[in-house]
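Values quoted throughout were computed directly from the atomic coordinates according to the rules given, and no laboratory measurement underlies them. Not measured: the values here are computed from a predicted model. Methodologically, a virtual Cβ is constructed for each residue, glycine included, from the backbone with ideal geometry; neighbour enumeration extends over all protein chains shown.
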Amino acid sequence: MKRILLLIKGLGRGGAEQILLSVMRHVDRSGFEFEVAYLRPDKSALVGDLEREGLRVHCLHVARDPGWLRRLRALVVEGGFDLVHAHAPLPAIGARFVLPPRLPLVYTEHNVWESYRPATRSANLLTFPRNDRVFAVSDRVRASIRYPGPLRLLPMPPVETLYHGYDPPAMAKPVAPHLLREQLGLPNGVPVVGTIANFKRHKGLAHLLRAAALVKRVVPDVRFVLIGAGPLEGEIRRLAGELGLGKTLVLAGYRNDAARAAGAFDVFALASLHEGLSIALVEAMALGKPAVVTAVGGLPEVIEHGRQGLVVAAGDPGALADGIVTLLEDGPLRERLGDAGRRRAAAFDIRRAVRRIEEVYAELPG
């Protein structure tokens, strides 16, 4: 049996962290034994979920002691791990420096390289050859992985696109839309546009709010629901007040059932400025919700414009608003795109990704 250490920056409620949890629910425990290590003690929301899946979880941070690299190497050596699988640039960069040279290292790239800060991107690039295998969560992410200029002489490890998606068993019991709307305090019969996202800059929530103000002019009784939380919540509240959104906007906060809560929406909207691949989008599609998304990262790989939803320019509230109004005013179009989206979502079943990950684990020595 191979012992695998999964390494990640934090265990908050972000997309990469949720993917890790979903993968762990479907791995072959007869062939692989897993433990998890993370760096940020302030990002620990999923620790309990992972422990309930039977995993041992290690926080590499110790107060007033920055030596997480030393603790990572000790954990790997003393724990007898056969392979490390990293899920974020910072811990991956550190692992490439301190892991025993013959210990296989797998890396999953969740974002396009140009989205990283210059220092992170440079360190990721310069240490990248140490990876034995790399998974990119979309073709757009894979295309961004390239060495510039003379660094093209560096060896490139094998890189493949592996779509990580939603967990069908976790969504097997959808909640009735009218019950979800009651929970969210939404009046009966109003059109609802929703999104599920961390309140961070790259999610483009300010653009979504400006789009909401434009949609409200055409569809006065519309409601916009934002499920999530994050550092920009205060800024979002201030902007909503400036735009006069009032009862139009519902800030629903974090919900454990966020994936199924999308059942309350008529339209799913994603205003991201950059994105590897949105699991929230795939989950909404699996519920039959038509979507309006921006043309960034892997989103156009999930949605073909006019087939499962609408794809608009990023950073353009007017284009986003036009797409949302189009769907709200055309019921048959919403139904057609929603049905096509449900079929398309089947291609992003997380269990497919798990089987491929296990194949790679088995192929690597250790």
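Suppose only helical runs count, i.e. DSSP H with n ≥ 4. What mean residue ellipticity at 222 nm does that imply for the chain under -39500 (n - 2.57) per run, divided by all residues and rounded to the nearest 500 deg cm²/dmol? Only helices count here, giving -11000 deg cm²/dmol. Beyond 29 Å, what share of the Cα-Cα pairs of region 172-347 remains, rounded to the nearest whole percent? Pairs farther apart than 29 Å: 9 percent. Stretching the chain fully between Asp28 and Arg3 yields a gain of 7.8 nm (0.36 nm per residue, less the alpha carbon separation). Report, in whole Å, the centroid distance computed from the Cα atoms of region 188-240 and region 18-42. What the calculation gives is 33 Å, centre to centre.
Among Phe128, Phe97, sorting on how many other beta-carbon atoms sit within 10 Å of each Cβ, with the fewest leading, yields Phe97, Phe128. Arranged from fewest to most other beta-carbon atoms within 10 Å of their beta carbon, Leu46, Leu11, Leu126 become Leu126, Leu46, Leu11. When you count the other C-beta atoms within 10 angstrom of each residue and take the mean per peptide, 271-281, 32-42 line up highest first as 271-281, 32-42. With neighbours defined as other Cβ atoms within 10 Å of a residue's Cβ, the residues Trp68, Trp113 order from fewest to most as Trp113, Trp68. Basic side chains Lys and Arg get +1 at the Cβ, acidic Asp and Glu get -1 at the Cβ, and with that the dipole of the chain about its Cα centre reaches some 620 debye. The distance linking region 91-121 with region 280-350 is 32 Å (Cα centroid to Cα centroid, whole angstrom).
Here the gap between Glu329 and Glu359, fully extended at 0.36 nm per residue and compared with their Cα-Cα distance, gives a gain of 6.1 nm. Note on Ala346/Val47: beta-carbon distance plugged into 1/(1 + (r/R0)^6) with R0 of 30 Å gives a FRET efficiency of 0.45. Note on Lys247: lysines with a C-alpha under 29 Å away, same-chain residues under 8 apart excluded, are Lys200, Lys203, Lys216, Lys289.
Taking the Cβ-Cβ separation of Glu242 and Glu304 as r and a Förster radius of 30 Å, what is the calculated FRET efficiency to the nearest 0.05? Present the calculation step by step, with values, prior to reporting the outcome.
Numbers: r = 36 Å, r/R0 = 1.19.
It comes out at approximately 0.25.
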